[in-house]
Every structure is written in C-alpha cells, then in structure tokens.
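Student: Provided herewith is a single structure, encoded as structure tokens, for subsequent inquiry.
Every number in this text was worked out from the coordinates using simple rules, so none of it is lab data. Because the structure is predicted, anything quoted here is derived from the model rather than measured. All Cβ positions, even for glycine, are placed from backbone atoms using ideal geometry, and neighbour counts span all protein chains on display.
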Amino acid sequence: MPFREKSAWVTLFAILLVFALFVLHAPRLSHPTPGDFHALLACIGAFVVIETVAFLVLRLRYPEDARTPIDEREQLINLKATRLAARCYVVGSFLAVLTLHHGASANMIGYFIVLAFVIAEVVKYSARIVYYRRGA
Amino acid sequence: MGGTIISNRIRQLRFENGELTQQQLGQRIGVTRQTLNAIELGKYSPSLEAAFRIAEVFGLPLEQVFQYKSLRGPK
C-alpha cells in the first residue's frame, strides 16, 4: 500500500472518529449552548493531535516511502478527489443555507455548513483511497 | 467519442534489461513503484514526458514501448 494511501486511511478514520465524538457530545442542534462550540473547538484540536501523531508514526515506520516525492499519478488522484469534494461542499453549503427557509437558526446553519465540510472531507479521502486502489 | 487502449511492453523490457525491478525503474523516471505497476497493468496512462523517460531508459523509440490502439474502427 503506498504511503499516501496509508495517510488517506489515517485521515479518514480520524475525521470519522472526531466527528462521531462531536455528534455524541453536541447533539442539540435546535438548542445550541456555548458548550457545543467548545466541543467543536476541542474536536478540531483532537483531530490535529491525532493527525500529527499518526503522521509521525507513519513517517517513522516507512521512512523511505515518506521521502518519495509525489508523482504525476498521485497529483492526478489528489486533483480528482479534491474536485469531487469541492462539489460536495458547494452542494452541502447551498442546502445548509436553504434550511433558513425552514426555520433554521443561524447556529443550526453554521453546524450544517460544518457538516457539509466534514462530508466533503470524507468524500475526498474516500475518493483518494478508491483511486489509489483502481490505479488512477 | 470512442475509447482507446494504450498497451506497453515495460514488464518484458524490464526483464530483458537486467531484470530491473519496478522500484529501480520508478526511481530512474521519477515515479513511485505503485505508479509504475499501474502503468504496466494499463490502469494508468502516463504523461508524454514520463512515457519518453521510460523509453529513454530502455534506449528505444516511444512506439516500441507503448502501443496505441483505437477502439473505433478505421474510417
């Protein structure tokens, strides 16, 4: 498995884990509290820590692979995955704004936009893994 | 628009040139072993520059390493 595919798996699991923790601890979208915002900040911090530690472990375990510069196929995979994620984010954000017409509060719209961002990131890293598996 | 098939003889040429490994050939042309494997299997079509670099390693013209076959019939 290429080093960058391993990195994509780590990031995907980190996103899903941290987002699951956030949903478990801040489920009251209709009545948000300041604590929910702090939970969001804590999740972002946890994500950065998990990513940094996992990346360092991968680099130490596979030093040769980690030093290999990104090649043209990997650049293409990144571009294709990012394009897909960008579309998901645009659609998700648009849907989030539409909830305004269904009585959503500003806080709820904010959380829906965060949700759109998380989904877009999950799509991006999932797409990278699929493209690595398929060849390009 | 019809599809195309680009095939290649890289695997055969590697063995005819001192049993070069995918890793060694990849390092010489600046791609990872996984990318070279994808090229060999026809899962990924390399850029023109990478294709020329591969041909250069074997000292052959491009068309002796890569073959292009259109899926559309002759007009």
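Student: Being free of Cβ contacts under 8 Å to residues at least 40 places away in the same chain and either charged (D, E, K, R) or surrounded by 17 or more Cβ atoms within 10 Å (Cβ to Cβ) (or both) is the filter here; which residues of segment A:1-23 pass it?
Tutor: Residues satisfying the conditions are A:Val18, A:Phe22.
Student: Follow-up question, since we're still on this one. Quick check on B:Ala55: is it facing another protein chain (nearest Cβ under 10 Å), part of a helix (DSSP H, G or I), among the aliphatic types (A, V, I, L, M) and under 12 Å from the mean Cα position of the chain (by Cα)?
Tutor: no
Student: While we're looking at this one, here's another question. Report yes if A:Ile70 is out of contact with any Pro (no Cβ under 7 Å at 6 or more places or on another chain), in a helix (DSSP H, G or I) and over 18 Å from A:Gly110 (Cβ atoms), otherwise no.
Tutor: In short, no.
Student: Across segment A:106-125, which residue is farthest from the other protein chains (Cβ to nearest Cβ) among those that are touching a residue at least 60 places away in the same chain (Cβ under 8 Å) and either surrounded by fewer than 17 Cβ atoms within 10 Å (Cβ to Cβ) or of a type in the set (Val, Ile, Thr) (or both)?
Tutor: This residue is A:Asn107.
Student: Please find, within segment B:12-32, the residue that is surrounded by the most Cβ atoms within 10 Å (Cβ to Cβ) out of those that are touching a residue at least 12 places away in the same chain (Cβ under 8 Å) and at the interface with chain A (Cβ under 8 Å from one of its Cβ atoms).
Tutor: Only one residue tops the list, namely B:Val31.
Student: Additional query: Here is a list: A:Val18, A:Val10, A:Val49, A:Val53. Which entry is closer than 15 Å to A:Ala127 by Cα and more than 14 Å from chain B (Cβ to nearest Cβ)?
Tutor: A:Val10
Student: From A:Thr99, A:Thr82, A:Thr68, grab the single residue that is more than 14 Å from chain B (Cβ to nearest Cβ), among the hydroxyl-bearing types (Ser, Thr, Tyr) and under 27 Å from B:Glu49 (Cβ atoms).
Tutor: Sole residue among the options that is more than 14 Å from chain B (Cβ to nearest Cβ), among the hydroxyl-bearing types (Ser, Thr, Tyr) and under 27 Å from B:Glu49 (Cβ atoms): A:Thr82.
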